[in-house]
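> Encoded as structure tokens, here's the structure I'll be asking about.
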Amino acid sequence: MTSPVEEDKVWLITGCSSGMGRDIAFEALERGYRVITSARNPSTLDEFVERFPERARAIRLDVTEEKEVEAAFAYTLRSFGQLDVLVNNAGYGYLAAIEEGEDEDVRAMFETNFWGTLAMTKAVLPHMRGRRSGQIINNSSQAGLMSKPGTGYYSMTKYAVEALSEALVEELAPWEIKVTAIEAGPFRTDWAGRSMKRTRSPIEDYGETVHARLAVIDELDGHQLGDPKRAARAIVDLARCEAPPRQLLMSRVVLDAYRTKLEAVRTSLDEWEEVTLETDFPPEEE
């Protein structure tokens, strides 16, 4: 049973209009937490306020706009007086071979997926440090652990989120601020549907490699193994953890794929260990 202290926590969640962000918000509200829901189109958030009028608030928030980021945090404090959990969920994907990528579209994705996450994090940290408590949950991705054909640009944004999260874990430890990166694999959200951006300049030569993989992603849409509601439960559970993980993998698909990658990394390290060690200055002779 949730304790009164746990129920008193205040959450600020970005990207609540659909997908996992929406499920996380509902899960937190159903457990008794107070939640600031946000989206670029606040009309998509009406259901939160209708169902939980005392504990839910809905605001417009484009994480790429500095003034809106600052306003969202200020509104959180005006509404509930504190912030305990920030969930950086806003983001989207982009499908293209590296050669096919349009710079403008790639930069726009970075603005949301990485720079928006960074802006939200920096906005709340003075408050959390002052209270010597808090939690930041960054919705990264399987793509932040491994980069594959066709999703390389998306992976670049998520690798950046991984680096941010990993540094924050140690930087914020003195203030007992906890940080976790969520590594979700294929889930039945609209990530591969209406939210997805794609190259407008496909190159035929990538048909058997990149385009073939992207066709598999399209076919999988709606049949993914991952259940977003179960993922939301696991994410909200993190608010109760004394020592949450630095990374939380979501779905057997991610676990199996990451273990395979780690084994390949270990094999390569062993194979090239001699060359690696030869790059240091030789030990001084006695």
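The values are calculated or read from the model by the stated rules, or taken from the named source; none is laboratory data. Model, not experiment: these values are computed from the prediction. Note that each Cβ is placed from the backbone with ideal geometry, even for glycine, and that neighbours are counted across all protein chains shown.
> Return the pairs, sorted by first residue and then second, in which the second residue is among the aliphatic types (A, V, I, L, M) and assigned to a helix (DSSP H, G or I), the first residue lies in the range 187-208 and is at pLDDT 85 or above, the beta carbons are less than 8 Å apart, and the residues are 6+ apart or on different chains.
Pairs that qualify, where the first residue is at pLDDT 85 or above and the partner is among the aliphatic types (A, V, I, L, M) and assigned to a helix (DSSP H, G or I): there are none.
> Could you grab me the full set of residues in the range 35-47 that are in contact with a strand residue (DSSP E or B) (Cβ under 6 Å, 6 or more places away or on another chain) and either of a type in the set (Gly, Ala, Ser) or crowded, with 24+ Cβ neighbours inside 10 Å (or both)?
35, 36, 37, 38, listed by residue number.
> Let me ask something additional. Does the range 1-14 hold any residues that are modelled with pLDDT of 95 or more and either in a helix (DSSP H, G or I) or of a type outside the set (Lys, Arg) (or both), and which are they?
10, 11, 12, 13, 14
> Another question, if that's okay. Within the range 99-114, is even one residue of a type outside the set (Phe, Trp, Tyr), crowded, with 19+ Cβ neighbours inside 10 Å and either in contact with a Leu (Cβ under 8 Å, 6 or more places away or on another chain) or farther than 22 Å from residue 144 by Cβ (or both)?
Looking through the range 99-114, none of the residues is of a type outside the set (Phe, Trp, Tyr), crowded, with 19+ Cβ neighbours inside 10 Å and either in contact with a Leu (Cβ under 8 Å, 6 or more places away or on another chain) or farther than 22 Å from residue 144 by Cβ (or both).
> Could you say which residue among 50, 30 is surrounded by fewer than 22 Cβ atoms within 10 Å (Cβ to Cβ) and farther than 26 Å from residue 184 by Cα?
Testing whether each residue is surrounded by fewer than 22 Cβ atoms within 10 Å (Cβ to Cβ) and farther than 26 Å from residue 184 by Cα leaves just 50.
> Tell me, which residue of the range 66-97 that is more than 17 Å from residue 38 (Cα to Cα) and at pLDDT below 95 is farthest from the chain's Cα centre (by Cα)?
Restricting to residues being more than 17 Å from residue 38 (Cα to Cα) and at pLDDT below 95, the top hit is 97.
> Something else now. Based on what the data block shows, is residue 107 without any contact (Cβ under 8 Å) to a residue 40 or more places away in the chain, part of a helix (DSSP H, G or I) and of a type outside the set (A, V, I, L, M)?
yes
> Another question, if that's okay. I'd like to know if the range 132-144 contains one or more residues that are of a type outside the set (A, V, I, L, M), surrounded by fewer than 18 Cβ atoms within 10 Å (Cβ to Cβ), closer than 18 Å to residue 85 by Cβ and at pLDDT 95 or above.
yes
> Would you mention how many residues in the range 239-269 are free of Cβ contacts under 8 Å to residues at least 12 places away in the same chain, among the charged types (D, E, K, R) and within 18 Å of residue 166 (Cβ to Cβ)?
0
> Take the range 129-158 and flag every residue that is part of a helix (DSSP H, G or I) and more than 17 Å from residue 248 (Cβ to Cβ).
Listed by number, the residues that qualify are 129, 130, 131, 152, 153, 154, 155, 156, 157.
> On to the next question. Of all residues being in a helix (DSSP H, G or I) and β-branched (Val, Ile, Thr) in the range 66-85, which is nearest to residue 123 (Cα to Cα)? Just the residue, please.
Going through the qualifying residues, I end up with 69.
> A follow-up question, please. Under 8 Å between Cβ atoms, at least 6 apart or on separate chains: pull out the pairs that start in the range 35-52 with a residue that is of a type in the set (Lys, Arg) and end on any residue that is in a strand (DSSP E or B).
40/60
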